[in-house]
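What follows is calculated from the coordinates using simple rules that are stated; it is not laboratory data. Quantities reported herein were computed from a predicted structural model and do not represent experimental measurements. With ideal geometry, Cβ positions are generated from the backbone for all residues, glycine too; neighbour counts draw on all protein chains shown.
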Amino acid sequence: MKLTSIRKKVRGFRRRARKLPLWGNHFKNLDLDILIKYRKEYVKLWINPFCNLYQISNSEVGKKIPPYRFRNQILFQLIEIYLEWERKLKELDEPYYLKIWIGDPEFTNSQVVTAINSEISYYEHIFIKDTEPKPFPYINNHPSFISFTWERCVNGYFIWESDLESIGEISDIERKAYKISEESINGKIERSFYIRTGDMWTGSIRRSGNIT
């Protein structure tokens with residue numbers, strides 16, 4: 001399948017921005033029955049054309065990064081979803097995980113995530129925290145934005161050593177790896193390499209009853 005070049009200009013941002021509240025409203029209603037069944041729920045940025053893959057080079061594909069103003073307009077809607085989900089989660093009268101994830105520069109990885117019961121611990125430890133000081137990259141005009149606390153974490157992906165085909169590939173990945181781990185799989189030690197691609201900011205409003 002032939003992909004469109006990532007350099008092709010996206011037009012009609014005003015029209016797209018007007019549709020964002022419709023997108024946000026669609027996801028505001030958190031289905032507690034589904035949450036209780038699966039113990040987790042999330043909203044990802046399936047917003048055209050930024051959820052599509054584009055051709056970056058002959059051997060690389062990726063997603064477009066929306067311009068800053070449009071990203072901030074999406075963040076406004078993510079905050080709206082967060083607040084509605086929080087209101088609904090209080091009906092459970094039990095601990096829960098609820099956060100907004102903001103990828104930087106990979107903004108299309110951003111989402112609202114909630115979890116209950118056994119999934120809380122998983123999501124509390126899903127990211128590696130980055131203790132190096134850095135300001136959150138957005139200033140948003142949502143009235144509740146100032147109530148959020150943002151924590152900088154590491155965003156990236158894992159590569160298993162068994163998926164690499166040569167010593168040269170392994171050496172190259174070792175140099176790039178942010179973290180190298182070992183795990184016993186079927187009695188054999190398998191190494192994994194975590195490749196950092198940027199930051200993942202996790203944001204929440206600290207209130208009684210939720211896990212932050």
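Lys/Arg Cβ at +1, Asp/Glu Cβ at -1, dipole of region 1-152 taken about the Cα centre: which of Ile128, Pro105, Val61 is farthest positive-ward? With unit charges placed on the Cβ atoms, the residue in question is Val61.
Using the Cα gyration tensor of region 63-102, with a ≥ b ≥ c the square roots of its eigenvalues, what is the shape: rounded (a/c below 1.5), prolate (a/b larger than b/c) or oblate (neither)? Here region 63-102 falls in the prolate category. Placing unit charges on the Cβ atoms only, positive for Lys and Arg and negative for Asp and Glu, gives the chain a dipole magnitude near 1560 debye about its Cα centre. All other residues whose Cβ lies under 10 angstrom from that of Glu161 are scored, Lys and Arg at +1 and Asp and Glu at -1, for a net of -4. Considering only beta bridges that DSSP places wholly inside the chain, some 95 percent are antiparallel.
Taking every alpha-carbon pair under 8 Å whose residues sit at least 6 apart, the chain reaches a relative contact order of 22 percent.
Rounded, prolate or oblate: pick one for region 13-56, where a ≥ b ≥ c are the square roots of the eigenvalues of its C-alpha gyration tensor, a/c under 1.5 means rounded, and failing that, prolate if a/b is larger than b/c, else oblate.
Numbers: a/c = 6.04, a/b = 1.63, b/c = 3.71.
In terms of gyration-tensor shape, oblate.
Across region 117-201, counting alpha-carbon atoms alone, Rg and Dmax equal 17.3, 54 Å. Within the chain, the whole DSSP H helices whose Cα atoms reach 20 Å or more along their own axis and whose mean Kyte-Doolittle score is at least -1.0 are 68-89.
Ranked from highest to lowest mean number of other Cβ atoms within 10 Å per residue, what is the order of the peptides 183-190, 151-158, 126-133, 94-101? Don't skip to the answer; put the middle values down first.
On the way: 183-190: 8.4, 151-158: 16.2, 126-133: 11.2, 94-101: 19.8.
Top of the packing list down: 94-101, 151-158, 126-133, 183-190.
Grab the alpha carbons of region 35-138, take their convex hull, and tell me the volume per residue in Å³.
Working: hull volume 15.4 nm³, N = 104.
Given the Cα convex hull of region 35-138, per-residue volume reads 148 Å³.
Taken along its principal axes, the alpha carbon cloud of region 1-95 reaches lengths of 52, 29, 18 Å, longest axis first.
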